[in-house]
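Below you'll find the structure, written out as structure tokens, and then a few comments.
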Amino acid sequence: MAAKTLTIDGHLVSARPGETLLEAIREAGITIPTLCHLDGLSDVGACRLCLVEIEGQRRLQPACMTMVSEGMVVHTNTPRLQAYRRQIIELLFAERNHVCSVCVASGHCELQRLAGMVGMDHVRYEYLSPDCPVDISHMRFGIDHNRCVLCTRCVRACDEIEGVHTWDVAGRGVDARVITDMNQPWGTSTTCTSCGKCQLACPTGAIFPRGVTVGERPLASERIALIVEARKQRW
Amino acid sequence: MDLHELEAIAERELAQRPRLRILYCSATGCQASGALEVKRRLEGLLAETGRQVEIDVGAVGCLGLCGRGPIVRIEPSGATFEHVKPDDAGEIVAALDGHACHVARCDQDHPFFTRQLLIVRRHCGLINPDRIEDYIAVGGYRSLYHVIHEMTPAEVIQAITRSGLRGRGGAGYPTGLKWATVAKSPGERKFVICNADEGDPGAFMDRSILESDPHLVLEGMAIAAYAVGAEQGFIYVRGEYPLAIERLQKAIAQARRHGLLGAQIFESGFNFRVDIRVGAGAFVCGEETALIASIEGRRGQPRPRPPYPAESGLWGMPTLINNVETFANVTAIIENGPEWYSSIGTEKSKGTKIFALTGKIRNTGLIEVPMGITLREIVEEMGGGTPDGTPVKAVQTGGPSGGCIPASLFHTPVDYESLAAVGSIMGSGGMVVMDEHTNMVDVARFYMEFCKDESCGKCIPCRVGTVQLLNMLTKLRNRQAHASDLVKIEELCELMRETSLCGLGQSAPNPVLSTLHYFRHEYEELIGAEGDHGS
Amino acid sequence: MSRLRIATIWLGGCSGCHMSLLDLDEWLIELATRADLVYSPIADAKRFPPDVDLTLIEGAIANDEHLELAHTARRHSKIIVSFGDCAVTGNVTALRNPLGPAQNVLQQVYIEHGDPGGVIPHDPGIVPVLLDKVVPVHHVIPVDYYLPGCPPSAPRIRALLEALIEGREPAADIRYG
């Protein structure tokens, strides 16, 4: 099939049919914030950071789940989008207890990076300060719900890459939590293979290898895409 | 089953029906106020006097005036009694015999009844929802027969399109267009889903339809399935509706036994099976993609559209999802023709709409009114104003997705576009009346708390935005808010409306925005704290 | 040009931001040629003076004394900078918030996890009274600029101060942790 031509931020861009708008935007050298998207995993369109304006469409659309089409005219960084993105990051920081200074992922954290990217120099909303548990019942890994942003990358990595589906989400609204098996301590999970892919996929310090301290957990989420590619190519 | 057998059932049914009948409303509202005890006393009394054959005590569906239950009607006179107590049994039997009766009567010449136009609820109060014979006796399943044997699927879709019927779940998408999309979408299988996950606070239209006339919905679904090419249907009904579920189960079993559902319906090549899926209490499962996920056995949360279910729905197959009331309109359109249907209502909103009239209103209950009727006619004439005569302040339509319309705009006609133009929505049919004593910030808080509890948590604007909005409204209510908080409230409303993933989050700010628009002074009066910071 | 009057205050924080300020080393001497430090934990002034041009606030608002000082600083300062993560977000100081209101926190610290026979200190006027919730500075007074970081590094502090002294808008510099 012929390539699709679209206009992104005033530049003519050609994209392969079946490509997502996010891929096309990135290939055009434009960076837009993403959080729940991770190369190698399916998309859910949950974080709303990659929303873009598409001319002729009433609603903003998530670039990660929108397919390119011929003649599409896309704006990725309007003042309105910038304001929304900042608000979304503010809401995330206010939701749980994100204390960068004592976090294993500090310096290697997507949320921390996003705060800078969207210009969030302070949070205007009230901090909700929920009392969140830390589960270190697993031999090799721990999960600190204070740092979880509910992107569900761990859930998808476990389900789609490891094929286990140890992780899922329980509860509703701000009370939603990622859980293991039947909402039991991770260490008692009978399905977990201890592969660590959830930890690789985690954008923040929520899931971490035990024994690391502040700033010691590197961001290695690109390894998820590497695994997927390696399997496809039979490396 | 063929047409003759159907007619034979109807004739037999009418022939064996006693002339004297006592009909009691057996829907949830009247059962809650003691209808079953009234029924037991009536039956006991008739048994004692040996008149149980001569006089039939029969269950019927909802008669509409739910605030005055238990409701009992006697035939042939048609006299209807309200607030019936078990001790009234003797008087009611006396009334049947033409004697004086002191039980309070419903004024059936009241606008509450006379302004109604019954299409969807035409059998309510006439037939026993537990008996398929009753439904067949009032003409049931003839439309399905007609459609299968005398119409092509394309003709059915055309009829629905020409009727102008729009989705009764709230958004008002043209039903014919939706059916046409499903019909032409390629897929090895197709599905029809009836959305009976009615969840708006104060809304009980769909429950009443399912409890009063379940076969009407099943027949509508079967016609839809024939039109779009589906062989499997699901009714997704909320677990909080046990009576509706029980009656649906019974109705499905009866229809299957009569060959009106299942394989080779009316001895044709058309097969259609219906199964019930019971929701587990999540409001968001009324959103179609979340509902589909729930039927598939996954966590009930929405996904971005497109693709729409009409193209890729249940298990990735083309899926038609309509609301209970939408399906309940189908047989009337087939029976009387699309031109008849489209002659009712306004230019863009055809037919009737059922509303659940509740709140500070004299006549609480269900009303089916033609589109285009004004809010004033509904609230003041049909509803009879507030119980104690306090002036009505506003009416809330559309539940947590809707808005408050002030009394000064009660000349607004009830149709999809007019309600949207004044900042509310048609919604599924909740209509909550508020009087001068109602504080509008409290109203906004109530709905925001509901949305906060019901947000699934998938997308950030809805998950956290609802909590932040609720907290700010609470702060305002406690006179601890600054003027800058009002700005933050409006900003957050915009964020949620524009960026939330599904309709729940996108419309959750509506109660706040509409009350801010019409009753801003009530917010401003509550600004208590000094200073202006944090912005 | 008249000399700039600068103040720094230390609320609910670890003083790390002030340490980082001192890390500016010889640039402090340059700063001293253009500004006076009129109030600071590292200067000998007992009361927050009037007519301050620029105040850096380190730390979150955790007790009644912080609250009062923040309001005083706001009243007497042209520009207020939230200086470091505790001032901007609450940071480590706010880690007690999930434990509940002040009384719960004190109960847990001094009684449940304290030495046997522990008592909750109570000395109004001497020991400041804890607020029920630790909040960032901008939740109680308007703030003009934010410099997150735990602590912000000396070069970042310098960049901000240079811009403000020269009357320029400081460049966006957002780095938490």
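General observations
- Judged by the gyration tensor of its Cα atoms, with axes a ≥ b ≥ c, chain B is oblate; a/c meets the 1.5 cut and b/c is at least as large as a/b.
- Pairwise FRET efficiency - B:TRP340 versus A:HIS11, Cβ, R0 = 60 Å, nearest 0.05: 0.60
- Given their separation in residues at 0.36 nm each and the Cα-Cα distance between them, A:ARG26 and A:VAL102 gain 24.1 nm when the chain is fully extended.
- Nitroxide proxy distance, nm - points 7 Å out along Cα→Cβ at A:GLU229 and B:ASN471: 4.1
- Taken over region A:83-233, the ratio of Cα radius of gyration to 2.2 N^0.38 Å equals 1.04.
- Counting every other Cβ atom within 10 Å of each residue's Cβ, B:ASP134, B:ASP388 order from fewest to most as B:ASP388, B:ASP134.
- Charge dipole (Cα centre; +1 on Lys/Arg Cβ, -1 on Asp/Glu Cβ; no other charges) of region A:83-233 amounts to roughly 320 debye.
- Taking the charge dipole of chain A about its Cα centre, with +1 at Lys and Arg Cβ atoms and -1 at Asp and Glu Cβ atoms, the residue from A:LEU128, A:THR34, A:GLN87 reaching farthest to the positive side is A:THR34.
- Base-10 log of normalised Debye intensity for the protein assembly as shown (one unit scatterer per alpha-carbon) at q = 0.05, 0.11 Å⁻¹: -0.38, -1.35
- Distance between the modelled labels on B:ALA94 and C:ILE111, one decimal in nanometres: 6.9 nm (7 Å Cα→Cβ projection).
- Amide N of region B:510-526 lying under 17 Å from the label point, which is placed 7 angstrom from the Cα of B:ASN439 along Cα→Cβ: B:512, B:515-516, B:519-526
- Per-pair calculated FRET efficiency, R0 = 35 Å: A:SER194 and C:VAL119 via Cβ, rounded to 0.05: 0.15
- Cα-Cα pairs of region B:440-524 separated by more than 16 Å (percent): 43
- Its Kirkwood hydrodynamic radius, worked out from the mean inverse distance over all distinct Cα pairs, puts region B:17-109 at 12.8 Å.
- By the beta-carbon count within 10 Å of each Cβ, the least crowded to most crowded order of C:LEU67, C:LEU54, fewest first, is C:LEU67, C:LEU54.
- Label-point gap, in nm, between A:VAL134 and C:TRP27 - each point 7 angstrom along Cα→Cβ: 3.4
- Between region B:324-396 and region A:4-33, the alpha-carbon centres lie 49 Å apart.
- Of the residues B:ILE527, B:GLY465, B:LEU63, the one whose Cα sits farthest towards the positive end of the charge dipole of chain B is B:GLY465 (charges of +1 on Lys and Arg Cβ, -1 on Asp and Glu Cβ, taken about the Cα centre).
- Computed E for B:ARG162/C:VAL129 - FRET, C-beta separation, R0 56 angstrom, nearest 0.05: 0.15
- Taken about its Cα centre, chain C carries a charge dipole of roughly 340 debye when the Cβ of each Lys and Arg holds +1 and the Cβ of each Asp and Glu holds -1.
- Inter-centroid distance (Cα atoms) of region B:179-204 relative to region B:127-153, Å: 21
- Think of region C:4-165 as a dipole: +1 on every Lys or Arg Cβ, -1 on every Asp or Glu Cβ, centred on the Cα centre; then among C:PRO49, C:GLN103, C:ILE29, C:PRO49 lies furthest on the positive end.
- Rg(Cα) / (2.2 N^0.38 Å) computed for region A:4-77, rounded to two decimals: 0.99
- Legend: residue pairs B:LYS475/C:LYS133; A:LYS232/B:LYS184; B:LYS178/B:LYS350, Cα-Cα distance threshold 24 Å; pairs beyond threshold, A:LYS232/B:LYS184.
- Mean residue ellipticity (222 nm) of chain C, computed from DSSP H runs ≥ 4 via -39,500 (n - 2.57), nearest 500: -7500 deg cm²/dmol
- As a proxy for reagent exposure, B:ARG256, B:ARG19, C:ARG3 were ordered by neighbouring Cβ count within 10 angstrom, fewest first; the result is B:ARG19, C:ARG3, B:ARG256.
- Gyration tensor (alpha-carbon) shape descriptor, region A:27-66, a/c threshold 1.5: oblate
- Peptides ranked, highest mean first, by Cβ atoms within 10 Å: ranges B:415-421, B:94-100, A:73-79: B:415-421, A:73-79, B:94-100
- Take the Cα of A:MET182, go 7 Å toward its beta carbon, and the backbone nitrogen atoms of region A:123-147 under 20 Å from that spot belong to A:137-138.
- Each Lys and Arg adds +1 at its Cβ and each Asp and Glu adds -1 at its Cβ; summed about the Cα centre, the protein assembly as shown shows a dipole of about 1200 debye.
- Cα-Cα P(r), chain C, percent of pairs per 10 Å interval: 10, 36, 33, 15, 6, 1, 0
- Summary of the geometry: region A:211-235 and region C:75-132, compared by the centres of their Cα atoms, lie 40 Å apart.
- Ranked by the mean number of other Cβ atoms within 10 Å of their residues, highest first, the peptides B:296-303, C:12-19, B:182-189 come out as C:12-19, B:296-303, B:182-189.
Here, each number is a calculation from the coordinates, and none is a lab measurement. Model, not experiment: these values are computed from the prediction. Every residue, glycine among them, receives a Cβ derived from its backbone with ideal geometry; neighbour counts consider all protein chains shown.
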